[in-house]
Amino acid sequence: MIILVDTNLLRGKIAEKGKSQAEIAKAIGVTSKTFYNKMTKKVFGSDEIEIMIAELDIKNPMEIFFAPKVT
């Protein structure tokens, strides 16, 4: 089993909070292009995840950041 980020839910949460992906990229300390690449690969570092949970006030991070995908 591979653990991936549910980017659709993450995009929804970003929009729900009225933020842009560029703002979240800046908050986690990466460029917009790097953020886009991470979204495409569906993989973020634990420190980046912690910042996004705080920035976006995510109450249930498990459904977004630890979405299982069976291969």
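The values are calculated or read from the model by the stated rules, or taken from the named source; none is laboratory data. Please read all numbers here as calculations on a predicted model, not as lab measurements. Positions of Cβ are generated from backbone atoms using ideal geometry, with glycine treated the same way; all protein chains shown enter the neighbour counts. When the accessible area is computed, the model is the full protein with side chains, heavy atoms only, and any ligands, DNA or RNA have been set aside. Shrake-Rupley method; radii C 1.70, N 1.55, O 1.52, S 1.80 Å.
The table for this structure:
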{"item": "Heavy-atom accessible surface of region 1-44: percent carbon and sulfur, 1.4 Å", "result": "54 percent"}
{"item": "Nearest-ten-degree value, helix 46-55 long axis tilted from longest Cα axis of the chain", "result": "50 degrees"}
{"item": "Length gained when the stretch Y36-K17 is fully extended (0.36 nm per residue, less Cα-Cα span)", "result": "5.0 nm"}
{"item": "Solvent-accessible area per residue for the chain (1.4 angstrom probe, square angstrom)", "result": "65 Å²"}
{"item": "Interchain or long-range residues, amide H under 5 Å from L4's placed H", "result": "A67, K69"}
{"item": "Projected label distance in nm at L4 and S46, using a 7 Å step from Cα toward the beta-carbon", "result": "2.3 nm"}
